[in-house]
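One structure is given here, and the rest of the page talks about it.
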Amino acid sequence: MAQRRSGKRFIAWAALAGVISGAVFLAVAELFALIFARTASPILAVGGFVIDIVPQPFKEFAIATFGEYDKIALLAGLGLAVVIASAIAGVLQLVKAPLGVIALVIAGVLSTAAIVTRAGVTPLAFLPPVLGTIVGSLILVLLVRRLRAWRAAAAATADDSASGVVPENPAAPKGIDRRRFFALAAIAGVSAVVVGVASRAVTMAVGSVESIRNALKLPAPKSTVTVPQGAELDIKGLSELFTPNKDFYRVDTALTVPTIDPETWRLVIDGMVDQRVELSFQDILDMGLDEYAITLTCVSNEVGGELVGNAMWLGVPLRDVLKKAGVKSGADMVLSKSVDGYTASTPLAALIDDNLDAILAVGMNGEPLPLEHGFPVRMVVPGLYGYVSATKWLTELKVTTFADDEAYWTPRGYSAEAPIKFSSRLDTPSIGEAVPAGKIPIAGVAWAQSVGIERVEVKIDEGDWMPATMSTPINDDTWVQWFMEWDATPGTHYVAVRAVNKNGDLQIEERAPIAPDGSTGWQRSLIRVT
Ligand SMILES: Nc1nc2c(c(=O)[nH]1)N[C@H]1C(S)=C(S)[C@@H](COP(=O)(O)O)O[C@H]1N2
Ligand SMILES: [Mo]
């Protein structure tokens, strides 16, 4: 009876030995993941693998059941599975060595496979799970060996007391084997928890893409844009010449902002090219960066809308990037792809034109691209709406034809090609805002990317169109600010604005909706003067 109970007791301690070895395996892997390859965490890789293979209805069920905590629920489930599996490995090792070690090695092989098959893997990513498996197995062997010694000693003592024979080794203090087992179990267990938790915490702190971005220092540009005197007017309520990143409009289909480590980022240039080319982030930086001031506009911008912004981008010309691959004749489009599956179709001509600054941007207003604006690399093409040109989180440029390929928005009611329709906007006084009578500025912005704004005109009520004063343009790809002093009289007034581009075209008066290729119309706002 005593024998049977103590047998069960050793099974339980073997299970504990297994759990500790499993913890050591994970902790060692986390520690080396921190050193060699931040994406090589076995638990997270296996979790990612599970997410990838789980069928869509189950994912929806998980999201419906656990809401935002679906991933935490998944990790908790995985954690529980690890505890149970490693407890079984411990018992196996006690009952029939080296079955436990074999089980651990199988787990190590599976998690290594999960890690090295994940996207954006680095060459040393196999090391953390392999080292984890080795150290975990070693601990399992040692713990179970000590457990056996303890079990043998306990059995001997029981036999001795039963037979009344003097113990074989009276010099060994009673319980030494038990203490040796617990000493190792405690040291291994506590070290595993401390090392594992600390490594994961540090990885999360320094390894988050946000902190990678914060630590990133872009090289100084080869050439800078000179912002001329008089480029920026100082008028309250007028848009700043350069839109601060935090205020820059954001439009995309991404549910969660993609997080890409520039270290693992690659741009593939393929399709109708002489040779497929793969560029790293460093390759882009090594091309040498230049500054480009370009105003971005969304096709969804309504007349008078906010979906337009101006930035100082830091990047390289797309024509130089495409040259590396060599574009084959017959191609007329580049399908740019994002890490999130989004695609845009840009006319090849716009990307290889020597007189147009179509770029790959890595910097925005003196910083690396913000995560939500496409970190680490996006496209910016002057004169084309964002949806056909400004792919964020860029991963691939496929040289192709409009006949053969279609972008994300094309089957969804938007044109395959969409040059920006030049426009003008009134910023101040803002609509509905009551302004005091007297001399006040009317001011706003106007843009005609790649052509340039020639003139902005303002009309009050039924008066004549009057030329507004324009800020000195930086270039033809950026918006200009404009203003006019107005002697406002009490009552309600209509203020209208329109622009003329450098080709001499007048902004289109007729209203058009945003679909399929951008809105048109003159903004006319009702202003209250008190
Ligand atoms: N990956 C990706 N890139 C994208 C989009 C998107 O949905 N996904 N939207 C495009 C559209 S419609 C516009 S107007 C611009 C907006 O860029 P911003 O969010 O940096 O202002 O990004 C373009 N690039
Ligand atoms: Mo857009």
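Just so it is clear, none of the values below were taken in a lab; they were calculated from the coordinates. Nothing here was measured: the structure is a model prediction, and the numbers come from that model. Positions of Cβ are backbone-derived with ideal geometry, glycine not excepted, and every protein chain shown enters the neighbour counts.
Given the pairs LYS439/LYS502; LYS217/LYS246; LYS222/LYS324; LYS217/LYS392; LYS324/LYS392, which are separated by over 26 angstrom at their Cα positions?
From LYS439/LYS502; LYS217/LYS246; LYS222/LYS324; LYS217/LYS392; LYS324/LYS392, over 26 Å: LYS439/LYS502.
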>> Treating only the Cβ of Lys, Arg, Asp and Glu as charged (+1, +1, -1, -1), what charge dipole size does the chain show about its Cα centre? Round to the nearest 20 debye.
In response: 4000
> If one computes the Cα centroid of region 176-238 and of region 419-464, what distance in Å separates the two points?
Replying inline: 45
>> Take ILE51 and ALA12, extend 7 Å from each Cα along the Cα→Cβ direction, and tell me the distance between the two endpoints in nm.
In response: 3.9
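If each DSSP helix of 4+ residues adds -39,500 (n - 2.57) and the sum is divided by the residues in the chain, what number results at 222 nm, nearest 500 deg cm²/dmol?
-12500 deg cm²/dmol
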>> Using only the alpha-carbon atoms, how far is helix 2-36 inclined from the longest principal axis of the chain? Give it as 0 to 90 degrees, nearest 10.
In response: 30
>> Testing the spin-label approximation: label points 7 Å from Cα along Cα→Cβ at GLU367 and VAL109. State their distance in nm.
In response: 4.8
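How much length is gained on full extension from GLU406 to GLU510, taking 0.36 nm per residue of separation minus their Cα-Cα distance?
The span from GLU406 to GLU510 would gain 34.5 nm if fully extended.
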> How big, in percent, is the set of alpha carbon pairs in the chain lying more than 40 Å apart?
Replying inline: 45
>> How large is the Rg to Rh ratio of region 277-386 when both quantities use alpha carbon positions and Rh follows Kirkwood?
In response: 0.95
>> Suppose we flag GluC sites (Glu not before Pro) only when DSSP calls them loop and at most 11 other Cβ atoms lie within 10 Å. Which is the longest uninterrupted stretch of the chain?
In response: 169-432
> If you keep only loop residues by DSSP, which trypsin sites (Lys or Arg not before Pro) in region 234-278 have at most 16 other Cβ atoms within 10 Å of their Cβ?
Replying inline: LYS236, ARG250, ARG276
> Which Cα, out of VAL95, ALA76, THR472, lies furthest along the positive dipole direction of the chain (beta carbon charges, K/R +1, D/E -1)?
Replying inline: VAL95
